[in-house]
Structures are given as structure tokens and as C-alpha cells.
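A short worksheet on the structure shown next.
The values are calculated or read from the model by the stated rules, or taken from the named source; none is laboratory data. Note that the structure is predicted; figures quoted are calculated from it, not measured. Heads up, the Cβs are rebuilt from the backbone with ideal geometry, glycines too, and the neighbour counts pull from every protein chain shown. Only protein heavy atoms, including side chains, enter the accessible area calculation; ligands, DNA and RNA are left aside. Shrake-Rupley method; radii C 1.70, N 1.55, O 1.52, S 1.80 Å.
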Amino acid sequence: MKIKIRPENKNDYKVISMINDMAFGQEAEGILVEKLRRNKKYSKDLSLVACMGNEIVGHILFFPVEIKADDNTFEALALAPMSVIPELQGLGIGSQLLENGLAKAKKLGHKSVIVLGHPEFYSKFGFTPASKFKITCPFEVTDDVFMALELEKDSLKSVSGCVAYPKEYKDL
Ligand SMILES: CC(C)(COP(=O)(O)OP(=O)(O)OC[C@H]1O[C@@H](n2cnc3c(N)ncnc32)[C@H](O)[C@@H]1OP(=O)(O)O)[C@@H](O)C(=O)NCCC(=O)NCCS
């Protein structure tokens with residue numbers, strides 16, 4: 001599947017919401033992206049679109065979060081949401097978006113990524129249950145779906161605490 005991956009620009013906003021709506025079958029994730037764009041921590045370099053020709057067919061977003069222990073705070077990225085249009089799912093677009101996004105995040109100096117999602121998919125890219133790193137989720141979820149990935153070796157070795165998501169995610 002030949003696709004090109006690039007950061008979003010203003011002309012993409014509507015299509016990104018539509019792709020999220022279609023992939024998730026609801027509007028909440030598209031609205032989440034719109035709300036996060038108004039947060040000063042938002043970076044368009046971490047909101048990537050997958051294009052086939054001129055058409056956007058997928059989207060991935062990373063957003064900074066903190067992992068908070070009693071006496072310490074660590075920075076990480078949350079991966080969410082991520083979407084590929086239904087007709088083109090299962091063809092490798094999501095995998096390319098994720099690989100490209102993780103490489104970009106690493107290049108920008110980010111050291112770790114947290115995700116809440118399909119374990120079968122994310123484990124292929126090295127994500128493991130976050131509990132392995134003593135990182136907990138503020139929402140009630142099963143152990144296997146809340147995962148973490150070190151972009152830099154041992155970056156989560158001495159990290160412990162609960163992930164503090166920005167308020168926009170809590171409305172999801
Ligand atoms: C998840 C998603 C982004 C993956 O993109 P994609 O282009 O379909 O992914 P790829 O073709 O590269 O890889 C397919 C893999 O995705 C995983 N996957 C896709 N949909 C899944 C689902 N509903 N449940 C569990 N795993 C799923 C599987 O591991 C699948 O591997 P397989 O084909 O060997 O079964 C896409 O399917 C999607 O938009 N789904 C709906 C929205 C969503 O669930 N987003 C992620 C929230 S964590």
C-alpha cells in the first residue's frame with residue numbers, strides 16, 4: 001500500500017475529524033482532536049496524516065502527558081486517537097502510520113509513549129503492559145490494554161506513577 005505520511009495542516013482539519021468519525025463510528029474522537037488543537041501543548045508535528053495521492057486515509061496523534069508519582073513527575077507522550085478509513089483498514093496503513101509516528105516522536109526527543117488500545121496491534125511495535133514499568137492508568141481498564149513503549153532504552157526503568165491525561169481526554 002503506497003502512502004505518504006506528513007504533518008497535518010489547516011486544510012486537513014475537517015477531513016481528520018471525518019476520518020476519526022468513520023473509523024470509530026462516533027464523533028467523540030474527532031471532537032477530541034479539535035479540542036486538543038486549542039491546548040497550548042499541541043504540536044502539529046505529532047498529528048500525522050497518511051495520504052494516498054491527494055486523499056487523506058488515516059491519522060495518528062500524539063500528545064504530551066505526565067506520569068505522576070508522589071514525589072516526582074515524568075514526561076511521556078500519549079498516543080490517541082489513531083484511525084484509518086474503514087474501507088482501507090487491514091492493509092498496513094495503520095502500521096506505517098504508527099512506525100512513522102514513533103520514529104518522528106523519537107526524533108523530536110520524546111522518550112516514551114503510552115497507549116490505551118488493541119494489545120494485538122500495539123504489541124507488534126514493542127508496546128508492553130504499562131504495569132511492567134509500574135505505570136498505572138487513571139481509568140479502570142484491564143492490564144493488557146494499557147501499554148507503554150520506551151523510545152529510548154531504559155527511559156521508563158525508574159519511572160513509576162499514574163498517567164495524568166489532559167482534561168480533553170477525560171471527556172472522551
Ligand atoms: C486500529 C487501526 C488504526 C489500525 O489500522 P490498519 O490500517 O487497519 O492497521 P494495519 O493494517 O496496519 O494492521 C492491522 C492490524 O490492526 C489490528 N486491529 C485492527 N482493528 C482491530 C480491532 N478492531 N481490534 C483489534 N485489533 C485490531 C490487528 O492487529 C490487525 O492485524 P491483523 O490484520 O493481522 O489482524 C484501524 O483498524 C482503525 O482505524 N480502527 C478503528 C479505530 C480504532 O480502533 N483505533 C485505535 C484505537 S486503539
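Selection of segment 82-95 for residues being in contact (Cβ under 8 Å) with a residue 24 or more places away in the chain and either within 7 Å of the ligand (Cβ to nearest atom) or open to solvent by less than 40 Å² (accessible area, probe 1.4 Å) (or both) yields MET82, SER83, VAL84, ILE85, LEU88, GLN89, LEU91, GLY92, ILE93, GLY94, SER95. The set of residues from segment 146-170 being in contact with a Leu (Cβ under 8 Å, 6 or more places away or on another chain) and either assigned to a strand (DSSP E or B) or in contact (Cβ under 8 Å) with a residue 60 or more places away in the chain (or both) comprises PHE146, MET147, ALA148, LEU149, GLU150, PRO166, GLU168, TYR169.
The residue list LYS107, LYS68 contains one member that is without any contact (Cβ under 8 Å) to a residue 40 or more places away in the chain and either of a type in the set (Asp, Glu) or more than 15 Å from the ligand (Cβ to nearest atom) (or both), which is LYS107.
Of all residues in segment 19-33, exactly one satisfies the criterion of being small (Gly, Ala, Ser) and under 9 Å from SER83 (Cα atoms), namely ALA23. With the structure loaded, tell me whether PHE121 is open to solvent by 20 Å² or more (accessible area, probe 1.4 Å), closer than 25 Å to ILE3 by Cα and modelled with pLDDT of 95 or more or whether it fails that test. Spelling it out, PHE121 is indeed open to solvent by 20 Å² or more (accessible area, probe 1.4 Å), closer than 25 Å to ILE3 by Cα and modelled with pLDDT of 95 or more. Restricting attention to segment 37-60, the residues that are within 15 Å of the ligand (Cβ to nearest atom) and more than 17 Å from the chain's Cα centre (by Cα) total 4. Within segment 13-33, restricting attention to residues that are surrounded by 16 or more Cβ atoms within 10 Å (Cβ to Cβ) and farther than 18 Å from ILE93 by Cα, which residue is farthest from the chain's Cα centre (by Cα)? Result: ILE31. A count restricted to segment 48-66 and to residues that are loosely packed, with under 15 Cβ neighbours inside 10 Å and closer than 12 Å to SER17 by Cα stands at 0.
Can you go through LEU98, LEU79, LEU116 and tell me which one is of a type in the set (A, V, I, L, M), open to solvent by 40 Å² or more (accessible area, probe 1.4 Å), under 22 Å from VAL145 (Cβ atoms) and near the ligand (Cβ under 9 Å from one of its atoms)?
LEU116
What about LEU97, is it closer than 23 Å to PHE139 by Cα and not in a loop (DSSP other than H, G, I, E, B)? Criteria not met by LEU97. Within segment 127-145, how many residues turn out to be in contact (Cβ under 8 Å) with a residue 12 or more places away in the chain, within 14 Å of the ligand (Cβ to nearest atom) and surrounded by fewer than 22 Cβ atoms within 10 Å (Cβ to Cβ)? Summing the residues that are in contact (Cβ under 8 Å) with a residue 12 or more places away in the chain, within 14 Å of the ligand (Cβ to nearest atom) and surrounded by fewer than 22 Cβ atoms within 10 Å (Cβ to Cβ) in segment 127-145 gives 5.
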